[in-house]
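Asks: Dropping the structure in here first, questions after.
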Amino acid sequence: MQKEHSPNAPSTPTARVRHRRRSNENAKKSEDFKRESYVKIVLLHVLKYDTRTWCQVPSEISRSNGSHLLVNDENKYRSMWIRAYSSLWMLVGFASILYLGHLYIWAMIVVIQIIMVAELFNLLRRAHEDKRLPGFRLLNWHFFFTAMLFVYGRILGQQFVNTVTSDKFFFKLVSGLIKYQMAICYFLYIAGFMWFILTLKKKMYKYQFSQYAWTHMILIVVFTQSSFTVANIFEGIFWFLLPASLIAINDVTAYFFGFFFGRTPLIKLSPKKTWEGFIGASIATMISAFVLANILGRFLWLTCPRKVTLSECLSMLKEQAVLIYVYVQDLSTSWLQCDPGPLFKPEYYSLHEWVPQWFPWKEMSILPVQWHALSFGLFASIIAPFGGFFASGFKRAFKVKDFGDSIPGHGGFTDRMDCQMVMAVFAYIYHQSFVVPQNYPVEMILDQILRSLSFEEQKALLMKLEQILELRQYGMF
């Protein structure tokens with residue numbers, strides 16, 4: 001059988017050697033071409049990366065020159081209307097919840113907390129690693145709700161609610177939960193800790209431990225400020241509403257002053273912040289604090305703390321022939337009536353020497369709380385914005401624009417609450433240090449006795465007081 005030959009195949013030995021040599025040269029050229037192509041591709045990627053890097057330099061230079069300021073932004077009016085529309089809806093919702101009272105405001109704080117924590121959890125989340133760790137996100141939420149039970153259990157357990165009930169079982173159940181609340185939270189945390197240890201996987205240790213530390217940092221930051229916020233609410237809605245309103249006023253006025261007049265960059269962490277916005281907002285916030293305190297301080301349902309007074313407890317004891325379990329904090333949603341106290345009683349100042357004769361107002365009424373409000377305004381305008389600067393630096397570190405996108409034009413709830421967190425802690429500390437009287441009135445001591453001592457301990461205390469009073473009557477004590 002004859003062998004088949006290619007039509008191009010050489011017939012002589014010399015031609016075959018020449019053909020083989022030419023084939024080797026072609027193969028070498030092809031290999032060289034592939035190598036050169038590979039080098040070109042690598043160089044292209046390098047140049048592309050370097051181009052990105054080089055392009056960042058003019059961007060940073062332009063930022064320092066002020067081209068990123070709101071006053072130079074071509075889309076500033078569109079973004080302004082989006083922010084205004086979102087702000088209007090938030091304002092309507094907030095006013096509605098405020099009208100409902102203390103308990104609903106507390107519920108709103110809890111919902112905001114949950115959204116903030118979800119945004120912060122997602123900040124360091126890696127979908128690829130999470131797929132290999134089923135149930136790991138559930139563990140994070142287990143720690144969150146354990147922390148919530150601990151924080152709010154302490155706030156509402158020590159000063160919980162006056163519960164009038166004839167059901168002894170319910171009475172024992174509630175009192176037992178309050179008494180052992182700390183132990184319950186501890187064992188819930190230990191269960192989560194053991195759960196975390198049992199889910200550790202090889203080659204995932206670093207990611208799992210970083211998530212564990214990140215979860216605890218979130219809980220500390222979020223629950224620290226929220227616990228102070230809730231404490232402010234139950235001291236009187238005024239002490240929650242005034243600081244929160246001042247932060248909102250400072251934020252809005254800084255935006256508009258920067259929008260129309262901003263020329264001088266304030267801080268590199270926030271390129272759109274300007275000195276004009278900062279100074280204008282500070283002046284507006286100080287004036288608003290003085291005026292707003294006068295307006296809010298005239299509504300009893302805003303200034304009264306959500307507490308049951310001793311006289312109310314005694315009247316309940318006379319009228320109710322059932323088992324009464326009295327705590328200090330009243331969580332009903334009705335409007336309050338109380339003695340406003342000296343801070344909310346107006347003082348009148350004559351204006352005869354300061355105004356002309358034709359001026360209609362001859363005197364001015366000022367609430368003493370307005371002088372305290374100036375301290376809140378100063379803090380809200382000078383120090384609280386650093387909470388926003390901290391958040392800006394944090395977002396830059398993780399290379400994200402916003403913490404979330406739940407509020408159009410604003411970002412996430414965490415973006416709106418950065419300054420509020422700083423302000424809430426200051427408001428509580430200021431109230432406890434400079435507003436709450438340091439002496440302890442009789443009602444406060446008796447309220448402490450009612451909530452801290454059992455019925456038998458209260459009877460023993462009463463007998464001891466009777467003995468002391470008898471001895472004092474005869475001058476023997």
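The values are calculated or read from the model by the stated rules, or taken from the named source; none is laboratory data. This one's a predicted model, so the numbers in the text were calculated from it and none came from an experiment. No Cβ is skipped: glycine too gets one built from the backbone with ideal geometry, and neighbour counts run over all protein chains shown. Only protein heavy atoms, including side chains, enter the accessible area calculation; ligands, DNA and RNA are left aside. Shrake-Rupley method; radii C 1.70, N 1.55, O 1.52, S 1.80 Å.
Asks: Which residues, taken from the range 121-137, are aliphatic (A, V, I, L, M) and closer than 18 Å to Gly192 by Cβ? Can you show your working first?
Replies: Of all residues in the range 121-137, those aliphatic (A, V, I, L, M) come to 123-124, 127, 133.
The answer is Leu133, and nothing else.
Asks: Regarding Gly404, is this residue open to solvent by less than 40 Å² (accessible area, probe 1.4 Å), under 26 Å from Tyr85 (Cα atoms) and not in a helix (DSSP H, G or I)?
Replies: In short, yes.
Asks: Being under 24 Å from Ile105 (Cα atoms) and modelled with pLDDT of 80 or more is the filter here; which residues of the range 313-369 pass it? Before you say what the answer is, go through the steps one by one.
Replies: Step one: list which residues in the range 313-369 are under 24 Å from Ile105 (Cα atoms), which gives 326-341, 343-344, 369.
Across the range 313-369, the qualifying residues are Gly341, Leu343, Phe344, Val369.
Asks: Which condition breaks for Thr414 when tested against (1) within 17 Å of Lys272 (Cα to Cα); (2) within 15 Å of the chain's Cα centre (by Cα)?
Replies: Failed condition: (1).
Asks: Give Ser381, Ser365, Ser375 a once-over and let me know the one that is in a helix (DSSP H, G or I) and open to solvent by 20 Å² or more (accessible area, probe 1.4 Å).
Replies: Values: Ser381 fails: open to solvent by 20 Å² or more (accessible area, probe 1.4 Å); Ser365 fails: in a helix (DSSP H, G or I).
Step by step, each of Ser381, Ser365, Ser375 is checked, and only Ser375 is in a helix (DSSP H, G or I) and open to solvent by 20 Å² or more (accessible area, probe 1.4 Å).
Asks: Please give the number of the condition Leu241 fails out of (1) assigned to a helix (DSSP H, G or I); (2) open to solvent by 30 Å² or more (accessible area, probe 1.4 Å).
Replies: For Leu241, the exception is condition (2).
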